[in-house]
Amino acid sequence: MDAVTYPDKSVTEFINSNMIPVRVRSDHKPLSEDFKVKWTPALITLDMDGTERHRTVGFMAPEELIPSLMLGIGKAHLERGEFSQAIPRFEMLVSKYAKSGSAPEAVFYLGVAQYQSTHEPKFLKKAYDQLAAKYPKSEWTKRASPYNAIK
Amino acid sequence: MKKLLVLTALTVFYASILMAVGSEAQKQETSEIQWLTDFGTALKRAKSENKPIFLDFFNPD
């Protein structure tokens with residue numbers, strides 16, 4: 001991460017502008033025990049109350065780390081019911097980083113966030129349709145498969 | 001008088017170079033991730049700035 005990803009200008013700008021970055025050793029007490037860290041790098045997004053909302057383990061290239069962090073930020077806002085802040089994060093990830101590993105999960109949570117903010121089931125169906133079309137083999141497509149029955 | 005003018009021009013020239021170098025150094029400094037190491041401080045800032053925390057556990061070895 002130190003050799004490739006963190007020196008990347010787009011990564012630096014994204015993190016400094018959108019998040020509060022904290023870096024600690026993997027043997028830090030009590031944090032490593034509190035967060036049950038077993039392998040590094042463990043990259044965790046916490047919401048503003050310190051609750052974990054997203055985690056990845058292992059190296060991530062810049063083009064994967066930024067969408068992963070976007071996903072974490074979106075999930076942090078979604079869990080707090082802040083739909084107006086969550087939805088644009090998911091939308092931007094889906095449009096700008098469609099080929100990233102985080103994109104299918106973002107499509108799923110975009111549908112969830114839109115449904116929760118409007119109570120319109122059509123958004124869940126739309127999420128499934130998009131997942132089935134773009135990411136047919138994704139785990140998130142399977143998880144969204146019940147939404148295919150929505151009329 | 002001519003020498004004074006030349007001296008003044010040179011002083012201004014070198015001062016502007018030094019300012020430019022300083023400005024560039026400052027840019028490079030802020031182009032790094034602004035890591036915190038204290039979780040309590042991060043939590044306070046996360047709440048006050050309404051931003052999520054990015055927590056990186058790294059292996060120093």
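The values are calculated or read from the model by the stated rules, or taken from the named source; none is laboratory data. The structure presented is a predicted model; accordingly, all values stated were derived computationally and were not measured. Reconstructed Cβ throughout: ideal geometry from the backbone, glycine too, with neighbour counts over all protein chains shown.
Of all the listed residues (A:Ile44, A:Ile66), the sole one being modelled with pLDDT of 95 or more, closer than 24 Å to B:Lys44 by Cβ, of a type outside the set (Ser, Thr, Tyr) and crowded, with 17+ Cβ neighbours inside 10 Å is A:Ile44.
Surrounded by 17 or more Cβ atoms within 10 Å (Cβ to Cβ) and modelled with pLDDT under 95, is that true of A:His54? Against the criterion (surrounded by 17 or more Cβ atoms within 10 Å (Cβ to Cβ) and modelled with pLDDT under 95), A:His54 does not qualify. Summed over the range A:53-97, residues that are of a type in the set (S, T, N, Q) and in contact with a Pro (Cβ under 9 Å, 6 or more places away or on another chain) total 1. The one condition from (1) β-branched (Val, Ile, Thr); (2) touching a residue at least 60 places away in the same chain (Cβ under 8 Å); (3) at the interface with another protein chain (Cβ under 7 Å from one of its Cβ atoms) that A:Thr5 does not meet is (3).
Among the residues of the range A:129-150, just one is farther than 9 Å from A:Pro104 by Cβ, among the hydroxyl-bearing types (Ser, Thr, Tyr) and surrounded by 13 or more Cβ atoms within 10 Å (Cβ to Cβ), namely A:Tyr147.
One line per residue, one yes/no per condition, for (1) among the basic types (Lys, Arg); (2) more than 14 Å from A:Phe90 (Cα to Cα); (3) in contact (Cβ under 8 Å) with a residue 40 or more places away in the chain:
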{"site": "A:Ala106", "(1), (2), (3)": "no, no, no"}
{"site": "A:Glu120", "(1), (2), (3)": "no, yes, no"}
{"site": "A:Ala127", "(1), (2), (3)": "no, no, no"}
{"site": "A:Ser138", "(1), (2), (3)": "no, yes, no"}
{"site": "A:Arg143", "(1), (2), (3)": "yes, yes, no"}
{"site": "A:Asn148", "(1), (2), (3)": "no, yes, no"}
{"site": "A:Lys151", "(1), (2), (3)": "yes, yes, no"}
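Scan the range A:15-40 for residues that are more than 7 Å from chain B (Cβ to nearest Cβ) and closer than 13 Å to B:Trp35 by Cα and the total you get is 1.
Taking the numbered list (1) surrounded by fewer than 21 Cβ atoms within 10 Å (Cβ to Cβ); (2) without any contact (Cβ under 8 Å) to a residue 24 or more places away in the chain; (3) touching a strand residue (DSSP E or B) at 6+ places or on another chain (Cβ under 8 Å) in turn, A:Glu79 passes all entries but (2). Within the range B:40-60, residues that are within 7 Å of chain A (Cβ to nearest Cβ) sit with their Cβ atoms under 7 Å from residues that are among the charged types (D, E, K, R), at 6+ positions apart or across chains, in these pairs: B:Pro52/A:Asp47; B:Asp56/A:Arg23; B:Phe58/A:Arg23; B:Phe58/A:Arg25; B:Pro60/A:Arg25. Does A:Thr51 satisfy the criteria of being of a type in the set (S, T, N, Q) and either within 9 Å of another protein chain (Cβ to nearest Cβ) or closer than 30 Å to A:Pro136 by Cα (or both)? Spelling it out, it is not the case that A:Thr51 is of a type in the set (S, T, N, Q) and either within 9 Å of another protein chain (Cβ to nearest Cβ) or closer than 30 Å to A:Pro136 by Cα (or both).
Just one of the listed residues (B:Ala25, B:Ala9) is hydrophobic (A, V, I, L, M, F, W, C), loosely packed, with under 12 Cβ neighbours inside 10 Å and at pLDDT below 60, namely B:Ala25. Scanning the range B:34-54 for residues that are in a helix (DSSP H, G or I) and either in contact with a helix residue (DSSP H, G or I) (Cβ under 8 Å, 6 or more places away or on another chain) or aromatic (Phe, Trp, Tyr) (or both) yields one hit, B:Phe39.
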